[in-house]
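See below for the structure under consideration.
The values are calculated or read from the model by the stated rules, or taken from the named source; none is laboratory data. In this text the structure is predicted, and so the values were computed from the model without any measurement. Cβ coordinates were reconstructed from backbone atoms using ideal geometry, including for glycine residues, and neighbour counts include every protein chain displayed. These area figures cover heavy atoms from the full protein model, side chains too; ligands, DNA and RNA do not enter into them. Shrake-Rupley method; radii C 1.70, N 1.55, O 1.52, S 1.80 Å.
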Amino acid sequence: MDKNLQLGCCEKVNLSNKFEYKKRPKQEKKFSIKQKYYRRIDLCKNCGHLFSRHNINLDNIYDDDYIKLTYKNLENLKKTFKKITTLPKNKSDNTKRLKRILSFLKKEKKNSIQMSFLDIGSGLGIFPWSIRNFCKRIYCTEVSQKNISFLKKYLSLETFKNNRIYQLKNKVDFVTINKVLEHISNPNFLLKKIYRILKKGSYLYIEVPSNLAARKGKETQEFFIEHHHIFSKQSLKNLLERNKFKVVKISNVIDPSNKYTLFAFVQKIK
Ligand SMILES: [Zn+2]
C-alpha cells in the first residue's frame, strides 16, 4: 500500500486506524478510479498526524485531465476566479490570509513592498493576485499548463512551470505555499527545493489541513483523496525543522469556508 507515502511524522510513529472509506465520500471529486474504492485514514497516536492510505494511483490527477474535470475550460477558470475574488471580505479565506501575512511582516519590521514573493501551486492565482500591489514582485508556479496559461494571459502574472523554480535561486524574499503540501506523498523533496531558493533570513508561509478537522467527522473535505497528509501542530513543526527551517509562528484557524487550517511562518536562518 502507498509505497511513496512518507510515514516519518515523528520519532515514535504509532499508527491506528481512525476512519475507513469503502466508497467515495459524496462531495469528493469523481476521479477515474479503475479499482474498487478503498481508503483509510490512519492516526499517529504520538504526534496526531493523519495519513490517507490506499493504493489508488493519483500520479496524473493534476495534469490537464484534473483541470478539465474541475473547471471544464479556461472560461470556467475565469468564472470561478471572478466568483472567489468578489466574495464579501468576511467570507473570503484569502482576505484573512493576506491580512495575516501582511501583519506578520509588519511585526517582523519588514516592508513587503521591497520584497519578492513566490507562490507555489498558484491554482487560479487568488493569493498572488491579491498581494501583487503589496510587494515588489510576485512569481507564480503551477503544474497544469491550462492554469499556467490562465495565470499568464488572463492575470498577467509571471508564472513558472513547477520544475523551473530553481531559476529563482537567491531571488526570493518570501515563499507562500497554500494548501499544496498535503497533496504530495513525500513533502520533503519540495521543502528542500524551497529552502534552496530562499535567501538567508527570508520567510516561508505555509498552510495545510489541520488534524482538528476530525471533529467534523470523516466526510469532511480535509480528508478527501487528494490529501495524503493532514497535519498536527507537532507533525508540521517536525517536518519544517527537519528541513532546517526555524518555526516563528504556528497556529490553528477555522477559515470562513469552514476549512480547518494549520498555518506556519518559518524562516531560513542559516
Ligand atoms: Zn507521529
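Number of residues in region 215-234 that are open to solvent by less than 10 Å² (accessible area, probe 1.4 Å) and either modelled with pLDDT under 95 or more than 16 Å from the ligand (Cβ to nearest atom) (or both) equals 3.
Contact map, region 225-249: residues that are free of Cβ contacts under 8 Å to residues at least 24 places away in the same chain paired with residues that are surrounded by fewer than 24 Cβ atoms within 10 Å (Cβ to Cβ) and in a strand (DSSP E or B), Cβ distance under 9 Å, separation 6+ or inter-chain. Pairs shown: E241/V247; K246/Q267; K246/K268; V247/A264; V247/F265; V247/Q267. Evaluation of G201 against the conditions (1) touching a strand residue (DSSP E or B) at 6+ places or on another chain (Cβ under 6 Å); (2) surrounded by fewer than 17 Cβ atoms within 10 Å (Cβ to Cβ); (3) on the phi > 0 side of the Ramachandran plot; (4) of a type outside the set (S, T, N, Q) shows that the sole unmet condition is (1).
Filtering region 134-151 to residues that are at pLDDT below 95 and open to solvent by 80 Å² or more (accessible area, probe 1.4 Å) leaves only Q145.
For T261, indicate whether it is within 14 Å of E182 (Cα to Cα), modelled with pLDDT of 95 or more and either touching a Gly at 6+ places or on another chain (Cβ under 7 Å) or not charged (D, E, K, R) (or both). Considered against the rule, which asks whether it is within 14 Å of E182 (Cα to Cα), modelled with pLDDT of 95 or more and either touching a Gly at 6+ places or on another chain (Cβ under 7 Å) or not charged (D, E, K, R) (or both), T261 comes out as yes.
The set of residues from region 20-63 being free of Cβ contacts under 8 Å to residues at least 24 places away in the same chain, assigned to a loop (DSSP other than H, G, I, E, B) and of a type in the set (D, E, K, R) comprises K22, K23, K34, K36, D59.
Put simply, of V175, V253, V208, V248 the only residue that is within 16 Å of the ligand (Cβ to nearest atom), at pLDDT 95 or above and part of a strand (DSSP E or B) is V208.
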